[in-house]
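Participant: Before we start, here is the structure in question, set down as structure tokens.
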Amino acid sequence: MAMAQAAAAAVARSVGGGAASPLLCPSSGSGARRSPIEALKPSKLSGRFYGEKERRGGRGSGRRRPFEVVAVASKLPRVDAAEVLPVSPEDVSKEEESFRHLKSIQQVGQAAPGVWSKPNVRRKTKIVCTIGPSTNTREMIWKLAETGMNVARLNMSHGDHASHQKVIDLVKEYNAENKDNVIAIMLDTKGPEVRSGDLPQPITLTSGQEYTFTIKRGVGTETSVSVNYDDFVSDVEVGDMLLVDGGMMSLVVKSKTVDSVKCEVVDGGELKSRRHLNVRGKSATLPSITDKDWEDIKFGVENQVDFYAVSFVKDAKVVHELKDYLKSSGADIHVIVKIESADSIPNLHSIITASDGAMVARGDLGAELPIEEVPLLQEEIIRMCRSMGKAVIVATNMLESMIVHPTPTRAEVSDIAIAVREGSDAVMLSGETAHGKFPLKAVKVMHTVSLRTEATMVGGETPTNLGQAFKNHMSEMFAYHATMMSNNLGTSIVVFTRTGFMAILLSHYRPSGTIFAFTDQERVRQRLALYQGVCPIYMQFSDDAEKTFNEALSYLQKQGMVKEGEEVALVQSGRQAIWRSQSTHNIQVRKV
């Protein structure tokens, strides 16, 4: 109530001719109030617009002066200078938030065109790059890292262990040499893919043509081809729509025998060897983790990768099985579930609860479900992951055209911006960096679009039920208040962590400033590279807390990450106490 009275009094002083209020500023010469929104409108743009109108008007057109506003609806009743407008604290905060948001947009618009490519501008949304023939050399991995790659993805559907071992060794070499930047390693399992067999040469299929898929081995002719899945015939029904490579071609099932499925081509194209097959609305009754996947998982354990991306997860049982194996192996590897099958949607909540994060794999998801459902599912999966405190990655076709072209389509640019605005931790490149012609340009586009989009976003937009994911931890409350404090003061956040828990928790609250996460564990440093807004830094911790704090702030100042005299919010909380008792949590604001 006192705040409301104070706010109303401030408005009264402004209206009555006293000191100008930041909310209602008198316009020179007219006495009329002008809101901050009006103040931010570029006068040159208005001048050009109305000037053009005036030039077009000609004689007898009733010329208007520049900046004259024409009423198209009934006028609002004018408030006399003596009247006091009722203003609540909520009204004030909304107006100030709108003002800050528009001011940030104006400042962004006035910035030099090259500002977004400068390394001292820190992007919050992370970039996952798939490493392949175009990028598997030392030179290219270094360039990808310098351009903006945060996570290196190994697609186990392609290549062998020897080629992936080379990439892992190069990424580890880069991390050892660069203490101010770090790249995490993600191993993406192949999963239970249904594929067609080998063909002597590509076959052109036309609409209306009949073509047969058989479970017999070694068939590859102009009229039929083998399928690598023995239950293929029993899984499909007459009338089902069979999609090749996610919809590049489509065939409808007309009839089936004991070992074959006869189809009619709906949308034709060129059929090549080993093409991926989906049935619209159905998932294959195959185990999510195949024998090959288990071999690849063991390979990942031996090489201490940071994340597994598990393909075609249908239920939480698969995640628990993998986590039990990792625990028995003593492996500290986080599990990211790929949501890409129709069967996963009914079990979405339990699957994400069991995992450490999710990937929206839109390719197969759009093949098994109607494509118009994909953007809605993307938004829902991001919302669910954020509310549950899990990492989320948006993947597939983000810059598909840049596999062969040096510039993206405008729709692809919007796609990246939407994923950033919806709150994704990371966006992913697949073929663009694996075998594309312009891998570095693709990363550059993803970096600049993400950065530009983030510049117009209001910080601290937290899911309403995020606290439910961390309700057993006092740290959740401290993360919330540290974020609010950081946003109000305009500071970065410094946190010290041995498990990564507190840095990840702060990330989900999306503070406006960067989260500088200092850790003495190299594995934790690498893992934190995936999380939105987190800048992980390796540093040996001293037994003396004050000495460690000062060393951390000196490091940030030396690296140009903070300036002398700047304030930072220092958070001490989390699951594992460092320099404090388990029951003590605190937030400090320190000046560098």
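The values are calculated or read from the model by the stated rules, or taken from the named source; none is laboratory data. Just so it is clear, the structure is predicted and the values come from calculations on it, not from any experiment. All Cβ positions, glycine included, derive from the backbone under ideal geometry; neighbour counts span all protein chains shown. Surface areas here come from the heavy atoms of the whole protein model, side chains and all, with no ligands, DNA or RNA. Shrake-Rupley method; radii C 1.70, N 1.55, O 1.52, S 1.80 Å.
Participant: Subtract the Cα-Cα distance of SER207 and SER542 from 0.36 nm times their separation in residues, and report this length gain in nm to one decimal.
Facilitator: Difference between extended and current length: 113.5 nm.
Participant: Quick query: amide H of PHE312 versus all other amide H atoms, modeled in the peptide plane; which residues come in under 5 Å with a sequence gap of 5 or more or a different chain?
Facilitator: Result for PHE312 returns LYS338, GLU340.
Participant: What is the packing order of peptides 425-434, 252-261, taking the mean over residues of other C-beta atoms within 10 Å and listing the highest first?
Facilitator: Averaged packing, sorted descending, gives the order 425-434, 252-261.
Participant: How much length would be gained if the chain were fully extended between ASP332 and ASN303, taking 0.36 nm per residue of separation minus their Cα-Cα distance, in nm to one decimal?
Facilitator: 9.3 nm
Participant: Can you give the log10 of the normalised intensity I(q)/I(0) at q = 0.16, 0.19, 0.32 Å⁻¹, computed with Debye over equal Cα scatterers of region 177-225?
Facilitator: -0.62, -0.76, -1.27
Participant: What's the center-to-center distance, using Cα atoms, between region 175-254 and region 281-346 in Å?
Facilitator: 20 Å
Participant: Run the numbers on region 203-279 and let me know its relative contact order in percent, using alpha-carbon pairs under 8 Å that are six or more apart. Display every interim value, and only then the final one.
Facilitator: On the way: 163 pairs, mean separation 28.6, N = 77.
Reported relative contact order: 37 percent.
Participant: Would you please give the residues with an amide H less than 5 Å from that of VAL589, counting only those at least 5 places away or on a separate chain, with H modeled from the backbone geometry?
Facilitator: Distant-sequence amide H within range of VAL589: LEU570.
Participant: I'd like to know how region 203-279 sits against the 2.2 N^0.38 Å rule of thumb: what's its Cα Rg over that expected value? Mind showing how you got there, number by number?
Facilitator: Working: Rg = 11.0 Å, N = 77, 2.2 N^0.38 = 11.5 Å.
Against the compact-globule rule of thumb, the ratio is 0.96.
Participant: Please compute P(r) over all alpha-carbon pairs of region 470-538, binned at 5 Å starting from zero, and give each bin as a whole-number percent.
Facilitator: The percentages, shortest bin first, are 3, 20, 31, 23, 16, 5, 0.
Participant: Related question: At GLU295 and LYS437, where each label point lies 7 Å from the Cα along Cα→Cβ, what is the point-to-point distance in nanometres?
Facilitator: Spacing of the two 7 Å Cα→Cβ label points: 3.6 nm.
Participant: Find which of HIS585, SER512, VAL494 sits farthest along the positive direction of the dipole of region 468-591, computed with +1 on the beta-carbon of Lys and Arg, -1 on that of Asp and Glu, about the Cα centre.
Facilitator: Toward the positive end, the furthest listed residue is SER512.
Participant: What is the distance, in nm, between label points placed 7 Å from the Cα along the Cα-to-Cβ direction at THR223 and at SER273?
Facilitator: 2.3 nm
Participant: What are the residues whose amide H is under 5 Å from the amide H of SER492, where those residues sit 5 or more places off or on another chain and H is modelled from the backbone?
Facilitator: Sorted by chain and number, the residues that satisfy this are ALA569.
Participant: Taking Rh as the Kirkwood radius computed over C-alpha pairs, what is the Stokes-Einstein D of region 468-591 at 4 °C in a medium of viscosity 1.567 mPa s, expressed in µm² per second?
Facilitator: Estimated via Stokes-Einstein, D reaches 91 µm²/s.
Participant: May I ask you to give the solvent-accessible area per residue for region 468-591, in square angstrom, as obtained with a 1.4 angstrom probe?
Facilitator: 42 Å²
Participant: Of LYS298/LYS327; LYS172/LYS327; LYS216/LYS262; LYS190/LYS292, which pairs sit farther than 19 Å apart, going by alpha carbon to alpha carbon? Kindly include the intermediate steps, with their values, before the conclusion.
Facilitator: Values: LYS298/LYS327 13 Å; LYS172/LYS327 23 Å; LYS216/LYS262 14 Å; LYS190/LYS292 8 Å.
Exceeds cut-off: LYS172/LYS327.
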